[in-house]
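Values in this text are rule-based calculations from the coordinates and carry no lab data. Owing to the predicted nature of the structure, the values given are computational and were not obtained by experimental measurement. Please note: Cβ atoms are built from the backbone with ideal geometry, for glycine as well, and neighbour counts cover all protein chains shown.
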Amino acid sequence: MSEKTEIRLMTDFANLHNLMNAKESFERARPDVRITIGQAADHYELMRAYKSEEPPDIIESGGWALFNYKGMFVDLLPCIDEMPGMRGDLNPGIVRVACKDGSLPGLPVDVALPLIAFNKELFDRAGLAYPTDDWTWEEMMELARKLTIRDERGVATQFGFGIGVDIEELEPFVMRNGGRYVSPDGLTARGCVDQPAVAEAFRLLIDAYRVHRVIRNPGEPSEAGHLHEGFGMVFAFTWFVGGLVHHGLDDKFGVVGLPNMPGAEQANMIYMGAAGITSKSRHPRPAWEFLRHYVLERPEAFRQPRTLPVTGSLAERSGMKDHRLWSRYVRELENVRISAFYMNEKWNSSRQLINEEVQRMILDGTDIGHTLKSWTRFA
Amino acid sequence: MYGNGSEEARTAAGQGTEASEARESRDLAERAKFGDTEAFGELIERHRKRAKGWAQRMTGDPHLADDIVQDALIRAFLHIGSLQDTSRFLPWLHKIVRNQANMRLRRGGPGRREKPFASFAAPTARDRVDWDDLDSVLHHLTRCAADAAKTDHDPERHLLRQELYETIHSVLHCLTRKERGIFEAYFFRQLSPDEIAALYRMTTGSVYTYIHRSRRKLRQEHIRVSLGLLPEKGENAMARRKLLELPEWPARDAVNLTFVDRIGHLLAALEDRRDLSELMGLSGFAFRMQISDKTTFADGIYMFDWRETLRTLMRELGYETTLLCGQLSDSPVPLLGAVERFPVVLPIEEAVLPTIRQSIDAGRPVLYFDTSAARPYVHEWSLIYGYDDEERTVRLTDAMRPDGKTVSYEEVADNPVRFLATFRRQPEREETAVRSETSAQTRLRAEAAIRSAVAHARNERAYRPMTVYLSYTSGLAAYDRWIRHLRAGPASPPNRYGMGQLAAVYAEAKKHAARYLRLVPLEGEAMRLTLLASEAYEQAAEAIGAVSAAVPFARAAEMLSPELCEKCAKLLETAKAFEAAATGYLEKAIGYFEKELRA
């Protein structure tokens, strides 16, 4: 019997369930190939592996930074084109973000985006109508104020809106207000983050924390419990909904698009990683066959999903396209745009410094316009 | 109602802004005083526009204002060491801009100082300084620094500043106006070559050429000679080298936690050898445990505020710390939870080499974060103990290479994590050895370490990265997180490599905790309880040691079997029970300290 072809795959994902299942089914169908999975803690280790004398054939990464390196991965579009109908099946929103300079360095995985999940029980208890996609930021704040309940000590037992303090999570609101953190070519933040549309969006957001106090402020005591408990509305990535479904709590929730901002743009962010074939792979053909199987041919990966499928047929075959909650997420993929952290590494690397300043805006009231102007130093 | 609230909040915001701006500027100016170019770059970024406004109001000419600001900022950088009160940075900068503008208005016309390299010559009269002439000022400052270095009992700071003057001098005054602008953008403002290219409407390749040319000019030896700066004895002026002899540091003396290990080695090199259990205890690392919320990656070991932790520890030990830190954005960076809080910097050799040379020349190794550590490590703290300008290399330690290794200047500058620290004895402790402290002081120190150990054990979020996507569990709760990873089932197998390092590091840390507690100078019931805690830590160490024996610290791709995971989980349950008991004993011991304090 001839020796098996070994495909070495390195990933920085912690949950390997889907990958292990794909390996098992692929090796069953292709007994001549063995998939060896290695884990790395971060992009740095993945890059070291790529530069080592034993580079992996496939690198899977939970971000996009590595896929921006020219020459590190092979373009997968020719492989996609070998599959009849696949170009048209790939979600156009995802492709718009994933392709750079007309090439596709990896097949997107771990695709997620945020919508607003609302707790129907809390809305019913307050006698409030559920929001619909045509709602505005102002209307959302009005609901959030009515859904925020504080006890006699001022400690919230229920918050109107649940969202963290992270520059990335504020970006879709900025996009929807017609602003952007960095230029379309990703080269600079000058003339972008310092513009009025961004400042206006930030003012509204920071007021929600600081003035209306409908969002838990950093360090604020809370008796509202977890996001699925004492929060009227939640900035809900796909994995939040996945958790609701998994724990049988989904009936209590509805989802709606992000509110319309004064700038009236229809836009949203997208998170995704990718799995790509390295330019150093000694077995690019079987590596592609595995990738195709792993990412494009397994609707079972989306039967209990926490992320979104990359093709229309997977959305349909997995049942997500018709699911009460998931269908809204699949539809939202039409609106996604590339975020600043995908386009500009300096911006991406500065996120914690930027978050410290966002926190200061919330807690100390530092001047928004001045702070945003100073962020031109980050990109 | 909300409108009013918002208005009030914004008024308060305005006041808060000014206060926090002033505080930040003061901190940056303080760092810039020590030659931190990144901090100075940020100061420029913050105040350039304001400075241009001042200059433009005086001259009415935006182009002239740009030139004035550029000169003023260079002067500010040169003089910042003399700024007594760093909270007065802005008024001080204003004064410099005003002087520059007045000078320009008196003399008229830009371009006076743009000289070809060949026309650059040493000043004729040694004692005459033309304070309106930047060349003359630079010569004067360089000479002063050189003179001070010869006579001062501690010439180190003067040598550093001299090197700085020389660098700026030799580069700026050989350059055309355009080259100067590019150099300033690259060096001070930390713009990337792409951005500079866009700014000057030129290709990125040309920017590199300009920068390269500037650097080449800098390296011309006759600049040094023309300034009358003699080389140190026995050294070549152009290419210096120095190699420190580090004291022996056999494996049996080392600890797996390289942050503490290298500090121990460094102190030994400074003839201040410490007991490693004492260092582990005083630093708190004997009691720290932190696990990633994702899986058993080893990054939890490295998640703490590097700058603050190092400064605090070294201050306790009687040393002042000078830090250079940053991250590169054009290559993947490890340990984002800690490192993303560093400023983004460019891979410029001039930003790091003077610090290394200065410290080595003074006989002190440099603490350095090495991202090319030999396997099974990926990155670790090391000591740079030599440099060679001719070979363009530094010599540094590596946990897996007893004889050390050589790394090029380029690799040091290209290290995606810039973290270099140099140390000097606190002036007030120059004459007095730290260990001559009184027994009362030693006891207070031990009590503080015990309080900190308990606080850490009870704090499940000791370190919070400023981002929602990274989180770590610490203290006793870290055991639960670790056990949960081990019992997550086949869908989420624990990371074997990280698990090996976690077990090796934490088993040893608990051993040091036990030993440290045996050595503390307490008495009576407090000591009895502390000894009981020591015994419990010993047991915890033994249980984690068994995990370490089952999952050794080595690179391995295979997954841990469910049986092995369960075995390790049970061992960790045992370890947790012992450490919880140890924490309980220490809490009771603290009760006795406080009772004594009240009495």
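Here is how the numbers come out for the structure above:
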read-out: Charge tally in the Cβ shell below 10 Å around A:P259, where Lys, Arg are +1 and Asp, Glu are -1, A:P259 excluded; value: -3
read-out: Chain A - charge dipole about Cα centre, Lys and Arg +1 at Cβ, Asp and Glu -1, debye rounded to 20; value: 280
read-out: Whether the range B:391-537 is rounded, prolate or oblate, judged on the alpha carbon gyration tensor where a/c under 1.5 counts as rounded; value: oblate
read-out: Most positive-pole-ward Cα, B:A514, B:L586, B:A457, against dipole of the range B:439-598 from beta carbon charges; value: B:A457
read-out: Peptide-level mean, for B:339-348, of C-beta atoms on other protein chains within 10 Å; value: 4
read-out: Shielding by partners - mean other protein chain Cβ count within 10 Å, residues of B:196-203; value: 1
read-out: Cα lying deepest toward the dipole's positive end in the range A:256-331, options A:G257, A:P305, A:I270, charges on Cβ; value: A:P305
read-out: For the range A:236-379: rounded, prolate or oblate by the Cα gyration tensor [a/c cutoff 1.5]; value: oblate
read-out: Surrounding net charge for A:I35, when Lys and Arg each add one and Asp and Glu each subtract one, Cβ distance under 11 Å; value: 0
read-out: Vicinal HN-Hα couplings computed from phi for the range A:94-107 (Karplus, 6.51 cos²θ - 1.76 cosθ + 1.60; Hz; Gly/Pro x); value: 5, 4, 4, 7, 7, 7, 10, 6, x, 10, 10, x, x, 7
read-out: Approximate spin-label separation B:E308-B:R50, in nm, with each point projected 7 Å along Cα-to-Cβ; value: 2.6
read-out: Shape category assigned to the range A:153-312 from the gyration tensor of Cα positions, a/c cut at 1.5; value: oblate
read-out: Test item: B:325-334 mean partner chain Cβ contacts at 10 Å; value: 6
read-out: Residue exposure sequence - A:D151, B:D403 - by fewest surrounding Cβ within 10 Å; value: B:D403, A:D151
read-out: Rounded to the nearest 20 debye, dipole of the range B:439-598 from Cβ charges on Lys, Arg, Asp, Glu; value: 340
read-out: Candidate lysines for bridging to B:K510, where Cα separation is under 27 Å - those fewer than 8 sequence places away on the same chain excluded; value: B:K294, B:K567, B:K570, B:K576, B:K588
read-out: Nearest-0.05 FRET efficiency for A:S222 and B:A577, computed from C-beta distance (R0 41 Å); value: 0.85
read-out: Test item: Cα-centred dipole of the range A:263-326, Lys/Arg +1 and Asp/Glu -1 on Cβ, debye; value: 280
read-out: Mean ellipticity per residue at 222 nm, deg cm²/dmol - from DSSP H runs of n ≥ 4 across chain A, formula -39500 (n - 2.57); value: -10000 deg cm²/dmol
read-out: Segment B:E30-B:K588, extension gain: residue separation times 0.36 nm, minus the distance between their alpha carbons; value: 196.6 nm
read-out: Per-residue ³J(HN,Hα) for the range A:155-167, Karplus 6.51 cos²θ - 1.76 cosθ + 1.60, θ = phi - 60°, Hz, x for Gly and Pro; value: 7, 6, 9, 8, 10, x, 9, x, 8, x, 10, 8, 3
